[in-house]
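The values are calculated or read from the model by the stated rules, or taken from the named source; none is laboratory data. The structure presented is a predicted model; accordingly, all values stated were derived computationally and were not measured. Virtual Cβ from ideal backbone geometry, glycine too; neighbours counted across all protein chains shown.
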Amino acid sequence: MATLTDSRKRELRRELETIVGPDAVLSDPDELLVYESDGLTLFRALADFVVFPTSTEHVSAVVKLANRERLPFVARGAGTGLSGGCLPAEGGVVISLMRMNRVLEVDYDNQLAVVEPGLVNLHLSWKVGPRGYYYAPDPSSQQACTIGGNIANNSGGPHTLKYGVTTNHVLGLQVVMPDGEIVWLGGRTRDAQGYDLAGVFVGSEGTFGIATKIVVRILKKPQAVKTVLAVFDQIDRASAAVSAVIARGLVPAAMEMIDHLTIQAVEDAFNCGYPRDADAALLIELDGLAVGMEGQLERIVEACRDAGARETRTAKSESERQLLWKGRKSAFGAYGRVSPAYMVMDGVIPRTKLPYVLSRVNEIVAAHGLRVGNVFHAGDGNLHPNILYDPRKPGEEERVVAAGAEIMKVCAEVGGSISGEHGIGLEKSDFMPFIFSAADLTLMQRLKNAFNPTGLCNPGKIFPTKKSCVEVGPVAYRPHAIEEKGLAQRF
Amino acid sequence: MSTPTHTSAPAPAGVLNLHGLSVDGVNQCVHCGLCLAYCPTFSELGTEMDSPRGRIFTIKSLAEGRMSLTDSVAQHLSLCLDCRACETVCPAGVPYGRLIEAAKVEIERQQPGALPRRLFRWLNFGLLLGHPRLLRLAAAGARLYQTSGLQQLVRRSGLVKLLPGTLPAWEALLPSVPSKAERTPPPRTTLADGPRRARVAMLTGCIQAVVFGAHNRATARVLARNGCDVLVPEGQRCCGALNAHGGDHARALAMARQTIDAFEAVAADFVIVNVSGCGAHMKAYGHLLADDPAYAERAKRFAATVRDLAEFLAQEPLRGPLQPVTMTCTYHDPCHVVHGQKIKSEPRRLLAQIPGLRLVELPESDWCCGSAGIYNLTQPEMATRLLHRKVGHVLETSAEAVVTANPGCILQIQAGLGAHQSPVRVLHLVEILDRAYGGGE
């Protein structure tokens, strides 16, 4: 990639301004610095421009300009991502979609909505809530993250267990392709003809283009909801309870684990009602028809007690339920109470391996002299070990990265995967060979080339960067080659 | 270009600070972004620099020396309303209000502006807010200006446009000052009606006393009806909240000390405040004066006695008899009540006790109306956007009145509704309570 001279930069800024408007382009160094990372601060990179389009045509024109200039570009939503997926890894243009946040249409009869990518996930449920509907995928950051970002990462959430992930709720997309062409993938019905390109696009982490209109399903709110908190004195018993519930043929809407350290953080934050002396707690939710729910609830409580729960408690009111969920969904941020930074891992494992993997996680992190908090989607075996560290202490970032790589390896070894829902991004690109063969990766690369032949659309993500891949994971912030040459600077 | 620096996050020695004021709280932010969608300026602009997370990052970068205070940085920080909505949703407990106040002090230190601006700040923060007598005199002057026809003349003739700087905006928002009788303070002492519940001291405020003297007198009556001996300490002046929010740290400290002195003299059980910004600020005196050996302990004790009016009254059922107030109301949460003091259910519980009154919820009731101290004067464009948003929600509810608990919000929302020729009134909570007690003058 060519480095832009100051005068070229000024010219390009003017061109971008003619597309999106003068108050919709950032190029001041201090403003760009604020965009150096997403929710994972371990990775940092600077763009040349951040632009704020308000229409599909804007996005297309910006993409065409970037192609003409051979400038890399990347779409960004709220920047709550946890794998560095929206970072401008090689400079260029960040296309912020935060000003494209409208609900364009709601068709209640056909249970769908057409939205723009910058819409905050929860705001869609707020919009359709008064008519008795909601949008099911509920990442823990749903109060801030955008539907566009959810599309990129095929995001899940606690209720993934019963309702599936984002791809199960997307019917169609209008996409600005990496060359600036505007196409529709999928449609407005459940069974679109031809290749399922909407399915291919969801989860492509912004490397296949930029979605500018999204058709999503909205669901009728369940008739009844029951939420149980099961409290354990040993985390192994909580793990056993997870398997016991599923083994009895019960499918809760959500089944979340929250460990001792995490309980301290969320209780400090919002007094949610988790017992501070517990070693672990399971937050289990049932939803559906009111008929038969009491019976299911009893069987879940029984399974937890049989596995060794010291206490089970059913939320008595909607406010008590909301508070328990607030604690769960704020857990990552609440680590700020106990540590100045954290790195969240996102491994998936077979549920039965929970006790083994959790103990390995603890051993690995302890061996690196660090602490870990666990809060995760236990029902579908999607782990989130959060490694706590202090970026001001020399050497800690490197130790975090090393511990993270070891944890990912354990997940892969037990037959799991290196990402459940946070994406591969920059963070885990070098872990891909843990689970994919060279042939697998080549096929993926060919698919990427079909969508994104120039590679300008979100470069540097997903695919491993190193020739020999398995020995080390990615490293924390590295100065870019152009910085090393003194051609660009970091403020 | 200077030499490139490869340091990503330099490790600074000791506590992070901006010219001596600690901003170490920035390290609590783990960059999760859960605050973003609750920030009014981020919602309007979508730019990370104008979000809580972005501002915390900016303040951190300033303290670490990664950024310098350029005009652009100062603008983004100054665009913050200091509404503290982000604090309410922050799981990490970042003390955002303190951080932004420290940043504003730093902006004033580095960019005090040209002479007219400095003079104007001195006139307001130094002279008027610090000296109640001068403020009263200025109010009398403003009253004369407004009633003599001079104001109409100035506005109609276009003379107002000749005023320098932001003065035209100030002129436009100059609250209409009521007559001298209306500005009468409450009696020095009002004795409890019925069994005594507490001995309380009232903050009468600076601008509040001049513009909304009636609210202060109503507050004294309502407190007395609820079993309080109500004292109005002599020698109380401005609490210093406006100074602190405006980056005038040194005077804010002096005003806090002076307020503590005045209230300690009457030794009341509680200090009752009916202005949101003052209440939140006075509750933070302990932090503000933590480094002052003569006042640290006293400030902490004092702060522990401060209560917002609704917070205090809602601890017990309202004492009867209450007369019906037949109307449909909606409630707007002033930022420094709901976010600064985490008081949300109390005013609603009080209103629910009034016979005949129907309360409908206001969408985004806890969003800033754009008043935000003197924000509507310093950032008129963003203030107007937020006001439109607020007024739109108010009109959606079809309420006859908006109830709130802060003079700034009242003036701002009144102005917004006025621009829509809306008949909806804006009332202080205490006016409704006073009416239910058959009060009024």
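Structure values in brief
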{"read-out": "Test: residue in the stretch A:100-111 that is at negative phi and surrounded by 24 or more Cβ atoms within 10 Å (Cβ to Cβ)", "value": "yes"}
{"read-out": "Per-region count, the stretch B:195-253, residues out of contact with any strand residue (DSSP E or B) (no Cβ under 8 Å at 6 or more places or on another chain) and part of a helix (DSSP H, G or I)", "value": "19"}
{"read-out": "Of all residues making up the stretch B:349-388, the number that are in contact with a helix residue (DSSP H, G or I) (Cβ under 9 Å, 6 or more places away or on another chain), over 22 Å from B:G246 (Cα atoms) and assigned to a helix (DSSP H, G or I)", "value": "4"}
{"read-out": "Conditions (1) surrounded by 19 or more Cβ atoms within 10 Å (Cβ to Cβ); (2) more than 13 Å from the chain's Cα centre (by Cα); (3) farther than 29 Å from A:K448 by Cα: number failed by A:T212", "value": "(3)"}
{"read-out": "The stretch B:63-85, residues that are more than 10 Å from every other protein chain (Cβ to nearest Cβ) and among the charged types (D, E, K, R)", "value": "B:D82, B:R84"}
{"read-out": "Any hit, the stretch B:45-68, residues being buried (at least 22 other Cβ atoms within 10 Å of the Cβ), modelled with pLDDT of 95 or more, in contact with a helix residue (DSSP H, G or I) (Cβ under 7 Å, 6 or more places away or on another chain) and not in a helix (DSSP H, G or I)", "value": "yes"}
{"read-out": "The listed residue being in contact with a Phe, Trp or Tyr (Cβ under 8 Å, 6 or more places away or on another chain) and either assigned to a helix (DSSP H, G or I) or crowded, with 24+ Cβ neighbours inside 10 Å (or both), out of B:V430, B:V402", "value": "B:V402"}
{"read-out": "Of all residues in the stretch B:261-307 being buried (at least 21 other Cβ atoms within 10 Å of the Cβ) and among the polar types (S, T, N, Q), the one that is nearest to B:H332 (Cα to Cα)", "value": "B:S276"}
{"read-out": "B:V73 vs. criteria touching a Ser or Thr at 6+ places or on another chain (Cβ under 7 Å) and part of a helix (DSSP H, G or I)", "value": "yes"}
{"read-out": "The stretch A:427-443: number of residues that are surrounded by fewer than 24 Cβ atoms within 10 Å (Cβ to Cβ) and either aromatic (F, W, Y) or in contact with a Leu (Cβ under 9 Å, 6 or more places away or on another chain) (or both)", "value": "4"}
{"read-out": "Qualifying residue in the stretch A:293-300 (condition: in contact (Cβ under 8 Å) with a residue 40 or more places away in the chain, among the charged types (D, E, K, R) and closer than 13 Å to A:V245 by Cα)", "value": "yes"}
{"read-out": "Residues being under 24 Å from the mean Cα position of the chain (by Cα) and either in a helix (DSSP H, G or I) or away from every other protein chain (no Cβ under 11 Å) (or both) - total across the stretch A:11-45", "value": "3"}
{"read-out": "Within the stretch A:415-426, tally of residues that are farther than 20 Å from A:L40 by Cβ and either surrounded by 18 or more Cβ atoms within 10 Å (Cβ to Cβ) or assigned by TED's automatic domain parsing to the domain that holds A:T167 (or both)", "value": "1"}
{"read-out": "Scope the stretch A:69-90; condition among the small types (G, A, S) and either in the same structural domain as A:T207 (by TED's automatic domain parsing) or surrounded by fewer than 24 Cβ atoms within 10 Å (Cβ to Cβ) (or both); matching residues", "value": "A:A89"}
{"read-out": "The stretch A:311-345, subset more than 14 Å from chain B (Cβ to nearest Cβ), outside any strand (DSSP E or B) and in contact with a helix residue (DSSP H, G or I) (Cβ under 9 Å, 6 or more places away or on another chain), residue surrounded by the fewest Cβ atoms within 10 Å (Cβ to Cβ)", "value": "A:A315"}
{"read-out": "One residue from B:A142, B:A220 being of a type in the set (A, V, I, L, M) and at pLDDT 85 or above", "value": "B:A220"}
{"read-out": "Residues located in the stretch A:99-112, provided they are under 14 Å from A:A211 (Cβ atoms) and among the aliphatic types (A, V, I, L, M)", "value": "A:M100, A:L104"}
{"read-out": "Some residue of the stretch A:470-485 being among the charged types (D, E, K, R), modelled with pLDDT of 90 or more and out of contact with any helix residue (DSSP H, G or I) (no Cβ under 6 Å at 6 or more places or on another chain)", "value": "no"}
{"read-out": "Residue count, the stretch A:267-310 (criterion: acidic (D, E) and part of a loop (DSSP other than H, G, I, E, B))", "value": "2"}
{"read-out": "Filter result for A:S60 (surrounded by fewer than 24 Cβ atoms within 10 Å (Cβ to Cβ) and at negative phi)", "value": "yes"}
{"read-out": "Tally of residues being at the interface with chain A (Cβ under 7 Å from one of its Cβ atoms), touching a Lys or Arg at 6+ places or on another chain (Cβ under 8 Å) and hydrophobic (A, V, I, L, M, F, W, C) across the stretch B:33-62", "value": "2"}
{"read-out": "Residue list for the stretch A:47-97, filter: within 11 Å of chain B (Cβ to nearest Cβ) and within 30 Å of A:V401 (Cβ to Cβ)", "value": "A:V50, A:R76, A:G77, A:A78, A:G79, A:T80, A:G81, A:L82, A:V94, A:S96, A:L97"}
{"read-out": "Only one of A:A269, A:A253, A:A290 that is outside the structural domain of A:G373 (by TED's automatic domain parsing), crowded, with 17+ Cβ neighbours inside 10 Å and touching a strand residue (DSSP E or B) at 6+ places or on another chain (Cβ under 9 Å)", "value": "A:A253"}
{"read-out": "Test: residue in the stretch A:206-229 that is out of contact with any strand residue (DSSP E or B) (no Cβ under 6 Å at 6 or more places or on another chain), in contact (Cβ under 8 Å) with a residue 60 or more places away in the chain and farther than 30 Å from A:R102 by Cβ", "value": "yes"}
{"read-out": "Number of positions in the stretch B:14-32 that are assigned to a helix (DSSP H, G or I) and at the interface with another protein chain (Cβ under 7 Å from one of its Cβ atoms)", "value": "2"}
{"read-out": "Pairs where the first residue, in the stretch A:381-395, is away from chain B (no Cβ under 13 Å) and the second is small (G, A, S) and crowded, with 24+ Cβ neighbours inside 10 Å, C-beta under 6 Å, 6+ apart", "value": "A:N382/A:G420; A:L383/A:G347"}
{"read-out": "Residues of the stretch A:389-407 classified as surrounded by fewer than 16 Cβ atoms within 10 Å (Cβ to Cβ) and either in contact with a Pro (Cβ under 6 Å, 6 or more places away or on another chain) or among the small types (G, A, S) (or both), total", "value": "2"}
{"read-out": "The listed residue being assigned to a helix (DSSP H, G or I) and at pLDDT 95 or above, out of B:R319, B:R301", "value": "B:R301"}
